[in-house]
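Asker: Let me give you the structure first, and then I'll get to my questions.
Nothing in this text is a laboratory measurement; each read-out follows from the coordinates by a stated rule. What you see is a predicted model; the values in this text were computed from it and never measured. All Cβ positions, glycine included, derive from the backbone under ideal geometry; neighbour counts span all protein chains shown.
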């Protein structure tokens with residue numbers, strides 16, 4: 001089926017990505033074909049090719065979605081500069097991750113495909129963000145205990161939402177966000193785990 005006349009390219013491209021995201025989560029990247037993506041859209045394979053040259057290009061675009069979510073959040077955290085601003089920025093990070101849970105599930109279920117893609121693209125950008133975060137966490141103006149708590153809280157958020165993949169898939173997003181916020185609140189509050 002050809003592309004509908006007058007269809008907005010941006011919207012069509014986003015629909016292709018949304019359908020591919022669903023299929024890659026359901027079936028896996030390797031087991032999903034461009035034909036299946038096109039069929040789910042009600043388009044021909046040629047119409048999908050009009051927007052993406054290959055299935056790898058679709059995965060690359062989904063990777064960019066994921067990268068944009070992480071980049072925005074990590075950039076904010078890496079520029080925090082103070083322990084007072086960290087909780088607010090971490091809260092924004094949680095919101096961004098919860099709003100994009102499907103991208104993290106996609107990543108976890110299709111790790112090999114993403115790792116192959118990652119080797120090609122964005123390596124320097126990731127390193128730059130990591131360097132900025134290490135700079136904040138190494139800032140001796142912030143007390144050592146606070147810096148360790150900041151690092152642990154970031155780890156709790158990334159593991160609890162991102163790296164857990166679909167381990168908490170049955171937990172509603174608002175409930176998961178609330179639990180993660182309480183956990184990082186415990187991590188950031190001095191004295192909670194004193195022995």
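Asker: For the residue pair residue 31 and residue 183, what label-to-label distance in nm results when each label sits 7 Å from Cα along the Cα-to-beta-carbon direction?
Answerer: About 2.8 nm separates the two model spin labels.
Asker: Set the Förster radius R0 to 45 Å, insert the Cβ-Cβ distance between residue 85 and residue 54 as r into 1/(1 + (r/R0)^6), and round the FRET efficiency to 0.05.
Answerer: Rounded to the nearest 0.05, the efficiency is 0.60.
Asker: Please sort 102-111, 26-35 by packing, taking for each peptide the average over its residues of neighbouring beta carbons within 10 angstrom, highest first.
Answerer: Highest-to-lowest ranking by the protection proxy: 102-111, 26-35.
Asker: Let me ask another. Among rounded, prolate and oblate, which fits the range 54-188 when a ≥ b ≥ c are the square roots of the eigenvalues of its C-alpha gyration tensor, a/c under 1.5 means rounded, and a/b larger than b/c means prolate?
Answerer: oblate
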